[in-house]
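To start, the structure itself, in structure tokens.
The values are calculated or read from the model by the stated rules, or taken from the named source; none is laboratory data. On a predicted model such as this, the values are computed, not experimentally measured, just so you know. Don't worry about glycine lacking a Cβ; one is built from the backbone with ideal geometry, like all the others, and counts go over all protein chains shown. When the accessible area is computed, the model is the full protein with side chains, heavy atoms only, and any ligands, DNA or RNA have been set aside. Shrake-Rupley method; radii C 1.70, N 1.55, O 1.52, S 1.80 Å.
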Amino acid sequence: MLYHLLLQTVKTQQSAGVSPGQPHLLQYDLHGGKDVKKAVNDLSQAASGGSLYVIADEVGSKYRIDNFQTMCELLLTRVPRLHLWAASCYHRDTPARWQVEYLTRPLRFPPAVVREVERDVRITGQRDVLPYRERGVPDHTDGPPVTRLYHRGQGHSGDRPGDCVTCGREVASFLHSLRVGVTGTTTTTSATLTSTSGGTTPPCLQWRDVLVLYWFDVSDQPGVVTGLQEAGIPVRVMKDDDIEDVATARSDVVWVASGHRVRGLERKVVVCLEHFDYSLLISQCLLPENLISPRLDLMSRCTSQLVIVSPDD
């Protein structure tokens, strides 16, 4: 997403007669350290004896940060005029002697979502992530109330909400109640999801404004997708090759994805499909460092309406 925003800025500057540099998107898998040498070589060659500007987003948690630090230290020895900025929510993983700024004001989502995210065990228990502080600017509304659906009762099947066609139908019913994808006369709602007044307008919410997120990898045709399709909702399961489409919201569809695929991306409406195993791991204090969290990694992708589908526990 950052790469595409930079591309837009470059195009704007070029149309104004300015000749800026060109951003380049490079992706490396630092898990296990297998791409560290390649990253250092690629970036060193790009510098060609001059300055090098690197923006590293979503650097990762402890099981990956050591390799990132190694990459940075090696890069410094080969590129003296290095300018490197990195972002991570894990405040204890900062390399020694780096200048650090802690950005903890929740500016991207409303208080109703903040209250859910800040209950994450990585904030309240393990304290690997700093707690939020006051926003510092007025909250015009509390945001839409968090909607909770449950994987239980008549018609529900499978061990998890993501496997359940009925859960998909119930999510679809709620999305239709928000009038997602409906074109016509709209008015401002108390949920602050629309900002238009009388007259014929584009949809106040579009399908591309919705993400359905799993805690784990998604199968090609999970039950929840079947339920959404039966209700007439355009939906696609995200694969690795879809990342550019998802990041730019090019296709007007509801994307269904595992949470680890969308770190850093946001949508107005996020449906979080919870998993009973996560609660079990927390209760037994067995939460691995590299495990994504429904609150920290999934719910925090929401900028307005959060929907939580919980297992029957």
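Key figures
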quantity	calculated
Local electrostatic count, G21, Cβ distance below 15 Å [Lys/Arg +1, Asp/Glu -1]	+2
Ratio of Rg to Rh over the stretch 66-144 (Cα coordinates, Kirkwood Rh, two decimals)	1.10
Distance (nanometres) between label positions extended 7 Å along Cα→Cβ at L130 and D29	3.3
Gained length - H91 relative to N41, 0.36 nm times residue gap less alpha-carbon distance	15.2 nm
Distant-in-sequence amide H partners of V237 (H built 1.01 Å from N, under 5 Å)	V256
H275, H140, H83, H156, ranked by accessible area, largest first (probe 1.4 Å)	H140, H83, H156, H275
Model label zone, K11; criterion: amide N under 18 Å from point 7 Å along Cα-to-beta-carbon; scope the stretch 229-251	244-251
Whole-Å semi-axes of the ellipsoid equivalent to the stretch 1-121 (Cα gyration tensor, √5λ, descending)	28, 23, 13
In Å², nearest 10: area of F68 left accessible to a 1.4 Å probe	10
11 Å reach of a label modelled at D66, 7 Å along Cα-to-Cβ, counting backbone N of the stretch 20-35	32-33
Gain in span if fully extended, R119 to E266, counting 0.36 nm per residue against the direct Cα distance	51.0 nm
Förster-model FRET efficiency, 30 Å R0, Y150 and D252, C-beta, rounded to 0.05	0.55
Extension gain from D159 to T141, taking 0.36 nm per residue of separation minus the Cα-Cα distance	2.8 nm
